[in-house]
Every structure is written in C-alpha cells, then in structure tokens.
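Input: a single structure, listed below in structure tokens.
Each value in this text was obtained by applying a stated rule to the coordinates, not by laboratory testing. Owing to the predicted nature of the structure, the values given are computational and were not obtained by experimental measurement. Cβ placement follows ideal geometry from the backbone for every residue including glycine, while neighbour counts extend to all protein chains displayed.
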Amino acid sequence: MGAANPGPRAGRVVDDVAGLRRILDTGRTIAVVGLSANWYRPSYFAAKYMMDHGYRVIPVNPACTEVLGQRCYPTIASIGEPVDIVDAFRRPADMPSVAREAVAARARVLWMQLGIENDEAARIAIDGGLDVVMNRCVKIEHGRILGGLNWAGVNTGVISARRAGTPGPGAAPR
C-alpha cells in the first residue's frame, strides 16, 4: 500500500532569511497585482528589477492592457497559467480579496509589499496552503539575500569610510 495523502500543504508566515531565500529561489513566475505602467512607481521598478533577474512577471491591473512589454490581466483569475508568487501593491483593506484570488489560482506565496500587512488576508492565504510574506519588498529582499543591490547603484566600487569630498589624513586644508 502507498502512503496516505497528507492533504493540502499548510501555509505559514515567512519572515526568516532561509524562508525568503526558498521563495525567491523556487518561485519564478510572479503575478504583480497593482503593477503600474508609470516608470516612477515602486511597482514598476520592482517588477522591472525582477524581470531583469530572470523572473517571469505577469502584470495584474484592470486599468492597463500592457506593462513592461507584457500583457496585463484585469484579475489573477484571468491569467490562465500557473503563478508561483502573487506580489501585491494594493491597500491593506484590499488584501483579503487578493488573498482569495491567490488561493483560487493555486499560487504558492502571497507577498504583501512594504507597508502592507493584513492579518485576515494572511489567515485566508495560510488556510489555503500559501506561504505569506508581509511588509517586505520583493526587490529589496532579492537584492539583500540573492545579490543584486548593485543593480540599483549601491555598489559604487569605492570602499571608504569617508564622505566624498572630505579630505583624507594629511591632506592640505581647503
């Protein structure tokens, strides 16, 4: 006899480096809910960064038809292909409905961006078997954990404890 099916996987809140690394290593398709077509919006910058680092980004925004050269969908349900991570740039009050859509789409992770925490949405997602990340930026966490902070200009190639323009030891005063 084979082993009994243990049932659906239990989700959990992920807030540790190992868990975030696992999500970023294994989740390659990201539905970005609330992705803006405006280049100066945080959602656009984060999605572009993730695309540039090999992730498939699927925009979800009913106000757009295309973002970052990708077809934009009005809802998660309308995507019609598997999604690993649902990355939400929506108000905390909107998150329970996003969580329900993520569960229905059989995503693996509900990721709420910086400033977004909603315990009801987390409970919906966890009960549906999803892992949940709250109040974290996918771009920042990718750069911090998997490298890539230099993509945003953090690695200037200068190693110094002095501020630029300040004279070093033994320099003549200005």
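Report the local net charge at residue 123: Lys and Arg +1, Asp and Glu -1, summed over other residues whose C-beta lies under 14 Å from its C-beta. List each step's numbers first, then the result.
Working: positive: 12, 100; negative: 117, 119, 120, 127, 131.
That works out to -3.
³J(HN,Hα) across the range 86-98 via Karplus (A = 6.51, B = -1.76, C = 1.60, θ = phi - 60°), whole Hz, x for Gly/Pro?
9, 9, 9, 10, 9, 5, x, 5, 7, 5, x, 5, 5
If I model a spin label as a point 7 Å beyond the Cα along the Cα-Cβ vector, how far apart are those points for residue 94 and residue 77 in nm?
1.7 nm
Just to check I understand the Karplus step: with θ = phi - 60° and J = 6.51 cos²θ - 1.76 cosθ + 1.60, what whole-Hz values come out for the range 135-147, glycine and proline as x?
In residue order, the calculated couplings are 6, 9, 8, 4, 5, 5, 5, 4, x, 6, 8, 9, x Hz.
Tally Lys and Arg at +1 and Asp and Glu at -1 over the other residues with C-beta under 13 Å from the C-beta of residue 82: what net charge comes out? Intermediate values should be presented prior to the final figure.
On the way: positive: 28, 56, 106, 108; negative: 81, 84.
Local net charge: +2.
Can you compute 3J(HN,Hα) from phi for each residue in the range 34-39, using the Karplus curve 6.51 cos²θ - 1.76 cosθ + 1.60 with θ = phi - 60°, rounded to whole Hz and x for Gly and Pro?
Each residue of the range 34-39 in turn: x, 5, 8, 7, 8, 4 Hz.
What's the local net charge at residue 92, with K and R +1, D and E -1, over the other residues with C-beta under 11 Å away? Walk me through the intermediate numbers first.
On the way: positive: 90, 91; negative: 94, 117, 119, 120.
Taking every other residue near residue 92 into account, the sum is -2.
Using amide H atoms built 1.01 Å from N in the peptide plane, name the residues 5+ places from residue 57, or on other chains, whose amide H lies under 5 Å from its own.
30
Could I have the simple spin-label model distance between residue 40 and residue 16, label points 7 Å from Cα toward Cβ, reported in nm to one decimal?
4.2 nm
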